[in-house]
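Structure first, commentary second.
The values are calculated or read from the model by the stated rules, or taken from the named source; none is laboratory data. Please read all numbers here as calculations on a predicted model, not as lab measurements. Using ideal geometry, Cβ is built from the backbone for each residue, glycine included, and neighbour counts are taken over all protein chains shown.
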Amino acid sequence: MAENSKIAIVTGAGTGVGKAISRALLQAGFTVVLAGRRKDVLIATEQEIVTRGASSLSVPTDVTDASSVAALFARTKDAFGRLDLLVNNAGINTPSIPLEDLSWEQWRSVVDTNLTGAFLCTQEAFRLMKSQTPRGGRIINNGSVSAYAPRPHSAPYTATKHAITGLTKSTSLDGRAFDIACGQIDIGNAATEMTARMMSGVLQADGSVAAEPTIDAQHVAEAVVYMAGLPLTANVQNITVMATKMPFIGRG
């Protein structure tokens with residue numbers, strides 16, 4: 001670990017936006033703990049993005065499992081002694097199918113990953129950030145344009161992303177007394193495996209199917225680095241980073 005390096009945990013770090021955020025934080029001088037379900041993917045990502053002089057740790061983690069989350073934070077504390085930044089990025093979606101055709105298992109898996117996982121990680125971050133010296137830290141939640149405006153056939157994802165906004169606000173309020181800042185980044189059409197279908201066409205509110213523009217996930221990562229670099233006396237509460245021409249303004 002580089003001297004005076006800040007310690008960050010990024011969930012869902014193996015692919016997509018999480019990978020881009022992890023790379024950008026490393027380049028900004030953070031020591032990054034990469035958390036994700038698949039060990040092989042984490043190791044491959046770590047080998048790809050960690051350059052000479054940077055410090056990292058890969059910890060296979062299931063954010064839906066409280067014991068797995070606790071182990072992630074214990075490993076971080078044991079290795080580095082503290083935590084300065086948590087990026088709650090892990091998330092999944094369901095196929096675009098009518099609400100009434102969703103299975104209980106599909107609903108539960110999205111809620112457990114997107115919402116409960118973020119809560120469990122936030123809870124562990126609070127415990128560590130409140131007790132460490134210097135006290136405090138920052139939490140950044142990955143929301144979505146879907147935190148404001150739903151797509152058709154997206155009830156589980158939209159419900160969890162609306163809930164993330166509530167969790168962000170509660171975290172901000174409850175963290176004030178302990179120098180814990182919390183903000184939310186809402187992302188619109190970052191180009192990842194999860195959004196690959198945007199290029200070929202996705203269902204619109206009027207029933208049509210249309211291709212949508214995307215942006216490089218690096219732009220999202222740069223915004224996270226800006227948020228993470230602020231002193232704890234300042235906070236970006238909400239920021240939206242999106243493709244300029246995506247159908248969000250006026251959506252629905």
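Some observations on this one:
- Among (1) without any contact (Cβ under 8 Å) to a residue 40 or more places away in the chain; (2) within 15 Å of the chain's Cα centre (by Cα), the one test that Ile215 misses: (2)
- Taken over segment 203-228, the residue count meeting the criterion of being in contact with a helix residue (DSSP H, G or I) (Cβ under 9 Å, 6 or more places away or on another chain), assigned to a loop (DSSP other than H, G, I, E, B) and among the charged types (D, E, K, R) is 1.
- Segment 96-115: number of residues that are outside any helix (DSSP H, G or I) and without any contact (Cβ under 8 Å) to a residue 12 or more places away in the chain: 1
- Taking the listed residues Leu128, Leu85, the one that is within 17 Å of Gly18 (Cβ to Cβ) and surrounded by 17 or more Cβ atoms within 10 Å (Cβ to Cβ) is Leu85, with no other qualifying.
- Inclusion of Ala13 among residues that are in contact with a Leu (Cβ under 7 Å, 6 or more places away or on another chain), under 24 Å from Arg127 (Cα atoms) and either in a loop (DSSP other than H, G, I, E, B) or at pLDDT below 95 (or both) is warranted.
- Qualifying residue in segment 229-238 (condition: modelled with pLDDT of 95 or more and in a strand (DSSP E or B)): yes
- Some residue of segment 58-77 being assigned to a helix (DSSP H, G or I), on the phi > 0 side of the Ramachandran plot and touching a residue at least 60 places away in the same chain (Cβ under 8 Å): no
- Residue check for Ala217: modelled with pLDDT of 85 or more and closer than 30 Å to Pro134 by Cα: no
- Residue in segment 137-151 that is modelled with pLDDT of 95 or more and surrounded by fewer than 18 Cβ atoms within 10 Å (Cβ to Cβ) present: no
- Restricting Ala159, Ala118, Ala177 to residues that are farther than 17 Å from Val87 by Cβ, among the hydrophobic types (A, V, I, L, M, F, W, C) and touching a residue at least 24 places away in the same chain (Cβ under 8 Å) narrows the list to Ala159.
- Criterion: in contact with a helix residue (DSSP H, G or I) (Cβ under 7 Å, 6 or more places away or on another chain) and part of a loop (DSSP other than H, G, I, E, B) - qualifying residue of Ala35, Ala118, Ala54: Ala54
- Residue pairs meeting the criteria (Cβ under 8 Å; at least 6 apart or on separate chains; first of a type in the set (Val, Ile, Thr) and crowded, with 23+ Cβ neighbours inside 10 Å, in segment 11-35; second in a loop (DSSP other than H, G, I, E, B) and modelled with pLDDT of 95 or more): Thr11/Thr61; Thr11/Val63; Thr11/Asn89; Thr11/Ala90; Val17/Asn89; Ile21/Ala13; Ile21/Asn89; Val32/Ala13
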